[in-house]
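> Could you have a look at this structure, given as C-alpha cells, before my questions?
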Amino acid sequence: HERVGNEDRIHKAHYSPPWANTSFIGVAGSSGSGKTSLAYAIIRELNLPWVVILSMDSYYKRLNPEEVKAAFANKHDFDAPEALDFDCLVQNLRDIKTGQKTEVPVYSFEKHARLERTTTIYSPHVLILEGIFALHDERVLDMLDMKIFAEADADLCLSRRLVRDVRERGRDIEGCIKQWFAFVKPNFHKYVEPQRNVADIIVPRGIENKVAISMVSDRVHKTLTQKSRMHQLELKRLGKYSEDA
Ligand code: C5P
C-alpha cells in the first residue's frame, strides 16, 4: 500500500494538466526589430484560441519625480536591465506556469508610468513573451520552452521606432533620435545583442520569414498534442476515461 502511495506522489509531482504548464516562447531583439509583429505572425500561424502575448513593456519600473523629469527630456536610460522589474515578471510567469491566474501591470509610454489597473491572465495554452530583454534573466530562461531572437538591420529598427514612437507613444523626432544614440544603440550592443547566444533560433526578415514561423508553430502543436495525450492517459489511470468519449 505504501509503495502505491509513493508512486502516486511521484506521478503527481511530474504530471501537470493541459491547462497548466503553459508553453512559453520568448522573443527578444532590438527595439524596432519587429518582435511584436513576429509574435502576432506566430499566433496567426498557430491558429489557437488561447494564446497570450506578454510584452515586457508592462514591467518598466515606477520612476521617482526626478526620473520622470529626465524621462520626458529623453535623458532616462530605459535600455538597461535595471529599468525593468524582473521579479514581478518572474512571479507572473510562475503563476501562469502553475495554472494560476495572475495580475499583469499596465504601462503607459506617454506618461512613463505604471497605471493603477492591471490585466488578468488565466492559464493560456501558449504565452509569447516579447521584449528587448526576453532572454536576459536566468529565471525566465529556465521557464522558456523556445527562445527566439529577432534580427533586423539597425537602420530599419531606428526608422520603425521613430514612426511608432511619434505616432503611438507621444514622442517627437528630435527626442527619439537623442534617446537612440544615448541609450538604445549602445545598450543594444551591451545587453540585447548578447542574447543571440542563448537563443534556439535567430529569425532574420521578421514576418516575411514564413519558414521560421511555421517551424515554431509546428513545434508548439506537437508539444500540445503530447500534453493532450498525457492527459488522456492520466484520466484513464484515474478510471475517468470512457472509450466512447
Ligand atoms: O517595443 P520596444 O521593444 O521598442 O520597447 C522597448 C523600448 O522602449 C526601449 O528601447 C526603451 O528605450 C523604450 N522606452 C521608452 N520610454 C519608456 C519605457 C521604454 O522610450 N517609458
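> Taking the residues in segment 50-71 that are within 25 Å of GLU208 (Cβ to Cβ) and not small (Gly, Ala, Ser) as candidates, determine which candidate is nearest to the ligand (Cβ to nearest atom).
Residue satisfying both the conditions and the ranking: ASP57.
> I'd like to verify a number: residues in segment 105-134 that are under 12 Å from the mean Cα position of the chain (by Cα), within 13 Å of the ligand (Cβ to nearest atom) and either closer than 18 Å to GLU82 by Cβ or among the hydrophobic types (A, V, I, L, M, F, W, C) (or both), how many?
Summing the residues that are under 12 Å from the mean Cα position of the chain (by Cα), within 13 Å of the ligand (Cβ to nearest atom) and either closer than 18 Å to GLU82 by Cβ or among the hydrophobic types (A, V, I, L, M, F, W, C) (or both) in segment 105-134 gives 5.
> Going through segment 207-236 one residue at a time, which ones are open to solvent by 50 Å² or more (accessible area, probe 1.4 Å) and among the small types (Gly, Ala, Ser)?
Result: SER228, single match.
> Could you say whether any residue in segment 29-41 is on the phi > 0 side of the Ramachandran plot, in contact with a strand residue (DSSP E or B) (Cβ under 8 Å, 6 or more places away or on another chain) and part of a loop (DSSP other than H, G, I, E, B)?
Yes, some residue in segment 29-41 is on the phi > 0 side of the Ramachandran plot, in contact with a strand residue (DSSP E or B) (Cβ under 8 Å, 6 or more places away or on another chain) and part of a loop (DSSP other than H, G, I, E, B).
> For ASN47, indicate whether it is more than 29 Å from ALA212 (Cβ to Cβ) and more than 13 Å from the ligand (Cβ to nearest atom).
Spelling it out, it is not the case that ASN47 is more than 29 Å from ALA212 (Cβ to Cβ) and more than 13 Å from the ligand (Cβ to nearest atom).
> Is it the case, given these coordinates, that VAL163 is more than 10 Å from the ligand (Cβ to nearest atom), within 30 Å of LYS75 (Cα to Cα) and under 18 Å from the mean Cα position of the chain (by Cα)?
Judged against the criteria, VAL163 is not a match.
> Quick one: would you say GLY239 is within 13 Å of the ligand (Cβ to nearest atom) and either more than 26 Å from ARG44 (Cα to Cα) or loosely packed, with under 15 Cβ neighbours inside 10 Å (or both)?
no
> Here is a follow-up. So, in segment 32-44, of the ones that are open to solvent by 30 Å² or more (accessible area, probe 1.4 Å) and closer than 18 Å to LEU224 by Cβ, which residue ends up farthest from the ligand (Cβ to nearest atom)?
ARG44
> Keeping to segment 72-94, report how many residues are assigned to a helix (DSSP H, G or I), within 15 Å of the ligand (Cβ to nearest atom) and surrounded by fewer than 16 Cβ atoms within 10 Å (Cβ to Cβ).
Adding up the residues that qualify gives 3.
The values are calculated or read from the model by the stated rules, or taken from the named source; none is laboratory data. Predicted, not measured: the structure shown is a model, and the values here were computed from it. When we count neighbours, we look across all protein chains shown, and the Cβ atoms used for this are built from the backbone with ideal geometry, even at glycine. Remember, those area values only see protein heavy atoms, side chains included, never the ligands or the DNA or RNA. Shrake-Rupley method; radii C 1.70, N 1.55, O 1.52, S 1.80 Å.
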